[in-house]
1. Express in % the proportion of alpha carbon pairs of the chain at distances exceeding 23 Å.
2. Work out the length of the dipole vector of the chain about its Cα centre, built from +1 on the beta-carbon of each Lys and Arg and -1 on the beta-carbon of each Asp and Glu, and round it to the nearest 20 debye.
3. At 0.36 nm per residue, minus the direct Cα-Cα distance, what do A61 and V39 gain on full extension? Give it in nm, one decimal, please.
4. Run the quick spin-label model on S18 and R97: label points 7 Å from Cα toward the beta carbon, then report their separation in nm to one decimal.
5. Pick from D85, D16, D46: which residue has the top mean-square fluctuation in a GNM of the chain where Cα pairs under 10 Å get a spring?
6. Hey, what angle do you get for helix 23-34 against the long axis of the chain, alpha-carbon based, 0 to 90 degrees rounded to 10?
7. What angle, in degrees between 0 and 90 and rounded to the nearest 10, separates the Cα long axis of helix 2-15 from the longest principal axis of the Cα atoms of the chain?
8. How far, in degrees from 0 to 90, does helix 87-98 lean away from the longest principal axis of the Cα atoms of the chain, to the nearest 10?
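Just so it is clear, none of the values below were taken in a lab; they were calculated from the coordinates. Given the structure is predicted, the values throughout are model-derived calculations rather than measurements. Counting neighbours? That spans all protein chains shown, and the Cβs are built from the backbone with ideal geometry, glycine included.
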Amino acid sequence: MSILRDTHQALVDVFDLSGDLTVETICALHKTLMKTSRVLHTPGGDGNRFSHIHIGETRQAARINVTAQLAAGTRDVKIQFCPYDAVNEELNVFCERFN
């Protein structure tokens, strides 16, 4: 039930958004949506993996790089997301283009 309340609150916040989208707004929405569960469960071929989620802050604040590994045919492909020290800059560019 609490996850539904959090989702409802995030939707209210989005619909009440009267100004420009900012990194702070994105972080606040993330904090609202993720406060019910700070653990990400990822099933994998070698077992389950559990990761702690830093809510309401960017990976730049947490100083965490993120990668994803995907099976593509006969080989695995590793995807490197934007390095943590460039996340806030990328979010600012996104917000500028969105606004």
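1. Result for the distance tail: 41 percent.
2. 460
3. Details: separation 22, 0.36 × 22 = 7.92 nm, distance 1.80 nm.
Here the answer is 6.1 nm.
4. For S18 paired with R97, the spin-label model returns 2.9 nm.
5. Maximum among the listed residues: D46.
6. The answer is roughly 70 degrees.
7. Between helix and principal axis, roughly 60 degrees.
8. In the chain, helix 87-98 runs at an angle near 50 degrees to the longest axis.
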